[in-house]
Structures are given as C-alpha cells and as structure tokens.
Amino acid sequence: MTGSPDTPDEASHATVLRERWALPEHAAFLTALRAALTGGSGDWRAMVRTWTQPWGTGNDLGGIPLAGADLSGVDLAGVYLGHADLRSAALSRCDLTGASLTGADLREAALAGATLTGVNAGLCDLRGADLTGARADGAVLSRARLAGAVARGASLRGAKLVGADLTGTDLSGADLTDAVLIAAKTDGAVLTGARMEGARRGSLRP
C-alpha cells in the first residue's frame, strides 16, 4: 500500500490517478505497458500517447503500479510519475531528468547511478532507497521521506530538502553544495566527507 498524501485534495488526486490503472478495461493495456517498460519491447511512450487521447501525451504515468518492476536504464526523462507505486523497483541508471515524482512511493527502490537532475519529488517516500552515486542536482525533495536511505557519493548540488526527513540517511561523500536543508530532520544522518559549501542548513550540524 502506498504512503498517504498529506492533504484531502492531494489524497483525492492520488486516488483518481491510481484507480484508473485498476479499472478492468485497462488491465490489458497495463500488462502490455509494463512489458514494454521492463523488457524494452515496443515504444511505450507511443502506447501512452494513444491511451491518453484526446490529450495525446506520452509522459503520463501518474499513479501507475510498478512495485518491484525492473526499469534499470529506462529513459524516463520528463515523465509524470506522481503518486506512482515504485516500491522496491529497480531504477538504477535511469534517466529521470525533469521528471515529476510528487507523492510517489519509492520505498526500498534501487536508484544507484540514476539521473534525477531537476526532478520534482516533493512529498515522495524514499525510505530505505539506494541513491548511491545518483545525480540529483537542483532536485526538489521538500518534505520527502528519506529516513534510512543510502545516498553515498550522490550529487545534490542546489537540491531543496526543506522539511525533508533525513533521519539516519547515509550522505557520506555526498555533494550538498548550495543545498537547502532548512527544517530537515537529520538525527543520525551520516555526513562524513560530505561537501556543504553554501548549504543553508538551519540547525543541521555536519
């Protein structure tokens, strides 16, 4: 079960996004789309463009259930994955540049070496995720849950982590230059060797 959104309006939006994938008439499409995403067979963006008529966007995967899916190396740049279920998904080396992950459930997801530059991942759940070596410069992670995540050597230059939960997060060797960490929860966070030049830390102490 995915994490609960924080406001009634957000909860309603999340429910609408997730329930459309559960409709019986969409079951065959979801199966084919998952196969295209995980097996590289077929143009999944073209499939989504057809499915989302009359809007014709190939980027709308909001609320999609992909828990445990192997999406390693898939190009997801600019994709809308708001409130998607990506628990324990393999996203290593994925290009998620400019993607929207608002409210997405990424608990225990594998994101090692992924490109997350400029993503909007506010309120997403990354507890226990592996972000080793990920590039997330300029990412918006405000109020995201990263407790217990591993982000060793990750690049978070200019990232916005306002109010994020970094309890026990391993940020050793990470680049947090110019990052905004005001009001972030950092109890037990590991910052050994982390770069903090220009970071707005509030009460954070490396």
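The values are calculated or read from the model by the stated rules, or taken from the named source; none is laboratory data. Just so we're clear, the structure is a prediction, and the values are computed from it rather than from any experiment. Note that we place each Cβ from the backbone using ideal geometry, even for glycine, and neighbour counts take in every protein chain shown. Just the protein is used for accessible areas: all its heavy atoms, side chains included, with ligands, DNA and RNA removed. Shrake-Rupley method; radii C 1.70, N 1.55, O 1.52, S 1.80 Å.
Among the residues of the stretch 97-110, is there at least one that is open to solvent by 10 Å² or more (accessible area, probe 1.4 Å), hydrophobic (A, V, I, L, M, F, W, C) and more than 21 Å from Arg145 (Cα to Cα)?
Checked the stretch 97-110: no residue is open to solvent by 10 Å² or more (accessible area, probe 1.4 Å), hydrophobic (A, V, I, L, M, F, W, C) and more than 21 Å from Arg145 (Cα to Cα).
Select from the stretch 132-162 the residues that are closer than 21 Å to Ala77 by Cβ, open to solvent by 20 Å² or more (accessible area, probe 1.4 Å) and among the hydrophobic types (A, V, I, L, M, F, W, C) and list them in ascending order.
Matches in the stretch 132-162: Val140 only.
In the list Ser92, Ser100, Ser72, Ser142, which residue meets the criterion of being at negative phi, of a type in the set (Gly, Ala, Ser) and in contact with a Phe, Trp or Tyr (Cβ under 8 Å, 6 or more places away or on another chain)? So that I can check it myself, show each step before the final result.
Values: Ser92 fails: in contact with a Phe, Trp or Tyr (Cβ under 8 Å, 6 or more places away or on another chain); Ser72 fails: in contact with a Phe, Trp or Tyr (Cβ under 8 Å, 6 or more places away or on another chain); Ser142 fails: in contact with a Phe, Trp or Tyr (Cβ under 8 Å, 6 or more places away or on another chain).
Just a single option satisfies the conditions, and that option is Ser100.
Report yes if Arg87 is open to solvent by 10 Å² or more (accessible area, probe 1.4 Å), assigned to a loop (DSSP other than H, G, I, E, B) and within 24 Å of Ala22 (Cβ to Cβ), otherwise no.
Details: open to solvent by 10 Å² or more (accessible area, probe 1.4 Å): yes; assigned to a loop (DSSP other than H, G, I, E, B): yes; within 24 Å of Ala22 (Cβ to Cβ): yes.
So Arg87 passes the test.
Would you say Gly58 is under 17 Å from Leu17 (Cα atoms), in contact (Cβ under 8 Å) with a residue 24 or more places away in the chain and either assigned to a loop (DSSP other than H, G, I, E, B) or aliphatic (A, V, I, L, M) (or both)?
Judged against the criteria, Gly58 is not a match.
Going by what's in this entry, would Leu146 be described as under 18 Å from Thr97 (Cα atoms) and modelled with pLDDT of 95 or more? Lay out the reasoning, then the answer.
On the way: under 18 Å from Thr97 (Cα atoms): no; modelled with pLDDT of 95 or more: yes.
No; evaluated as a whole, the condition is false for this residue.
Every residue in the stretch 53-82 that is surrounded by 15 or more Cβ atoms within 10 Å (Cβ to Cβ) and under 18 Å from His26 (Cα atoms), please.
Passing the criteria: Gly58, Asn59, Asp60, Leu61, Gly62, Gly63, Ile64, Pro65, Leu66, Ala67, Leu81.
Using the structure shown, decide if Thr50 is more than 23 Å from Lys160 (Cβ to Cβ), open to solvent by 50 Å² or more (accessible area, probe 1.4 Å), modelled with pLDDT of 90 or more and assigned to a helix (DSSP H, G or I).
On the way: more than 23 Å from Lys160 (Cβ to Cβ): yes; open to solvent by 50 Å² or more (accessible area, probe 1.4 Å): yes; modelled with pLDDT of 90 or more: no; assigned to a helix (DSSP H, G or I): yes.
No.
For the stretch 140-164: of the residues being outside any loop (DSSP other than H, G, I, E, B) and of a type in the set (A, V, I, L, M, F, W, C), which is nearest to Leu116 (Cα to Cα)? Let's see the steps before the verdict.
So in the stretch 140-164, the residues outside any loop (DSSP other than H, G, I, E, B) come out as 140, 145, 150, 155, 160.
After this cut, where a residue has to be of a type in the set (A, V, I, L, M, F, W, C) as well, the list is 140, 150.
Numbers: Val140: 10, Val150: 15 Å.
If we take residues in the stretch 140-164 being outside any loop (DSSP other than H, G, I, E, B) and of a type in the set (A, V, I, L, M, F, W, C), then Val140 is nearest to Leu116 (Cα to Cα).
Inspect all residues belonging to the stretch 101-111 and state whether any of them is over 14 Å from the mean Cα position of the chain (by Cα), farther than 26 Å from Ser12 by Cβ and not in a loop (DSSP other than H, G, I, E, B). Break it down stepwise before answering.
Here is the first cut: in the stretch 101-111, the residues over 14 Å from the mean Cα position of the chain (by Cα) are none.
No: the stretch 101-111 contains no residue that is over 14 Å from the mean Cα position of the chain (by Cα), farther than 26 Å from Ser12 by Cβ and not in a loop (DSSP other than H, G, I, E, B).
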